[in-house]
Amino acid sequence: MSKWQKIGVTIILSCFILVHYSFALTYENLVTFGDSLTDSGNNKLAKPEYYNSENYSGGAYSNGKIWADYLAAKLGINNTYLMANYVFSGSWQPPEGKVWYNNAFGGAETGTELIPPGLLTQVGAWADAGIKIPDNSLCIVWIGGNNFLSWITDHSLNQDDTSEVTDNAVADIIHALTIITDTEIGLAATDVLVMNLPNLGKTPANNGYFGNEDTEYGTLVSSTFNRKLEDAFNVFQASHPSVKMFLADAYLFLEKAVENPQEFGFNNAAGAALFETKPEHGFNNVGKYLFWDGVHPTTEAHEAIANQIYGRILVEDANNDVIFYESHFNDTIGLESNAQNLAFVSMSPDSYTCSNETNKPTFVYGLFDFTITLDNNDTYAEFTVYLPSAASSDAKWYKATSQGWIDFDQKEINDPNNDGAVFSADRKKVTIHITDNGPFDDDDTIGIIKDPSGLGSHESDADLTSDSDSSSGCFIQTLY
């Protein structure tokens, strides 16, 4: 038994305080552990004969880059070191500069499997070699799906009881976190983000796309695993107060993307592009599919996932319902709405022409065009925009109207329906209220609200965001 296998998992069976952290402004390195959702070339390097280059691109299990490629780019990390290089050479020789260390192998489960290396094997390779995670690194763990695929298709053997399969997977992940954060014989990570599982029941492999519908069992095992993972993660986090930790919600993202694919730029959230468009269109996602094959997202979906992760490592006070997007100028913003259906388009201000351009401001993040479909008998929309950094005192929330561009501050317009924008006290988020078919709704259809608006100023040389408290803000300053 190697030294990393001897590390025990300490569970504090008492009440705990959930600690909120502000992650670093920048990371010099990214370290990922996982399976095919994160593998960008380890399997292709280790077993090229088993990697299907006709169906998948560049070493990933998708039609292009994966989420970690996009996240690394956001963090300014341009070099990649694959764990398979170390496995073959036995020496640790990453490239110079900022590095993404990718330890994920397609097909990996959470345990000590060797082929492909499981999570504990991936983590153990570092510990056995005596290698610490480099300073100023973000470590991300995302794994678990392969533990459950057999259970979903052969669930009768377990009498529909998910306890054993989910308990074992969660225990492996907590064991891995113990090794990852141990400062003596472990990896000594200081910043750790864990991803939960998307709903496997909503993937083409289980949603009936291939004929066999296992939605019920895929949803059951995913939700059960996620609930147990969250409970164990919270206990682990409370017992490791010196480690900055966060749990990100991939389950919620997929639920929203499947329910309202257009909100994320997709037209098809049920099928698999590989089997419908690949022969004719190659790796181009011409049909705007969410999934590339039965379980793997398209590169466009991976980019959306990267936005969620990037937003989560920056945000402090947003709840799990906040969904993150890129603005026209590549800043990450968050959106939260009381309505189920909120379509968001970020555009250049020059590409939108108000019927009256009077008083048009300069927009710091571009213009946001919101279209909201109300639920049931709702008559108004309320949604919150989480800004990349605190708005300066000179900046205002401007809205296009028939009279031109107006300061949409709730106090300024003094609308009887309380329409308008309200900045939080720290000016890091803006909550917008609009009444359906009221004077500030740009769509005359009942049940649909349209709102072109954004953060702007008429001070041409004004700094529209405040740097004074960016280190403790809801978001950090953009890295672009």
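The values are calculated or read from the model by the stated rules, or taken from the named source; none is laboratory data. Quantities reported herein were computed from a predicted structural model and do not represent experimental measurements. A quick note on method: Cβ atoms are made from the backbone with ideal geometry, for glycine too, and the neighbour counts reach across all protein chains shown.
The condition (being surrounded by fewer than 16 Cβ atoms within 10 Å (Cβ to Cβ), at pLDDT below 95 and of a type in the set (Val, Ile, Thr)) is satisfied by just one residue among 476, 406, 446, 372: 446. In summary, residue 188 fulfils each of the numbered conditions (1) touching a strand residue (DSSP E or B) at 6+ places or on another chain (Cβ under 9 Å); (2) modelled with pLDDT of 95 or more; (3) under 22 Å from residue 313 (Cα atoms); (4) part of a loop (DSSP other than H, G, I, E, B) with the single exception of condition (1).
Evaluation of residue 44 against the conditions (1) surrounded by fewer than 20 Cβ atoms within 10 Å (Cβ to Cβ); (2) of a type in the set (D, E, K, R); (3) over 25 Å from residue 225 (Cβ atoms) shows that the sole unmet condition is (1).
Within the stretch 85-102, is there a residue that is of a type in the set (Ser, Thr, Tyr), in contact (Cβ under 8 Å) with a residue 40 or more places away in the chain and part of a strand (DSSP E or B)?
Filtering the stretch 85-102 for residues of a type in the set (Ser, Thr, Tyr) gives 86, 89, 91, 101.
Restricting the remaining residues to those that are in contact (Cβ under 8 Å) with a residue 40 or more places away in the chain gives 86, 101.
Then drop every residue that is not part of a strand (DSSP E or B), which leaves 101.
Yes, some residue in the stretch 85-102 is of a type in the set (Ser, Thr, Tyr), in contact (Cβ under 8 Å) with a residue 40 or more places away in the chain and part of a strand (DSSP E or B).
In the list 53, 62, which residue meets the criterion of being among the hydroxyl-bearing types (Ser, Thr, Tyr) and buried (at least 23 other Cβ atoms within 10 Å of the Cβ)? From the options 53, 62, the qualifying one is 62.
Please find, among 232, 269, the residue that is surrounded by 16 or more Cβ atoms within 10 Å (Cβ to Cβ), in a helix (DSSP H, G or I) and either not basic (Lys, Arg) or not assigned by TED's automatic domain parsing to the domain that holds residue 141 (or both).
Details: 269 fails: in a helix (DSSP H, G or I).
So the residue among 232, 269 that is surrounded by 16 or more Cβ atoms within 10 Å (Cβ to Cβ), in a helix (DSSP H, G or I) and either not basic (Lys, Arg) or not assigned by TED's automatic domain parsing to the domain that holds residue 141 (or both) is 232.
Could we say that residue 392 is modelled with pLDDT under 90 and either touching a Ser or Thr at 6+ places or on another chain (Cβ under 9 Å) or in the same structural domain as residue 445 (by TED's automatic domain parsing) (or both) here? Here the answer is no, as residue 392 does not meet what is asked.
Only residues that are buried (at least 20 other Cβ atoms within 10 Å of the Cβ) and either free of Cβ contacts under 8 Å to residues at least 24 places away in the same chain or part of a loop (DSSP other than H, G, I, E, B) (or both) were counted in the stretch 103-122, giving 11.
Selection of the stretch 287-343 for residues being under 15 Å from the mean Cα position of the chain (by Cα), modelled with pLDDT of 90 or more and among the charged types (D, E, K, R) yields 300, 303. Among residues of the stretch 350-364 that are modelled with pLDDT of 90 or more, those with a beta-carbon under 7 Å from a residue that is aliphatic (A, V, I, L, M) and surrounded by 16 or more Cβ atoms within 10 Å (Cβ to Cβ) at least six positions away or on a different chain give the pairs 363/455.
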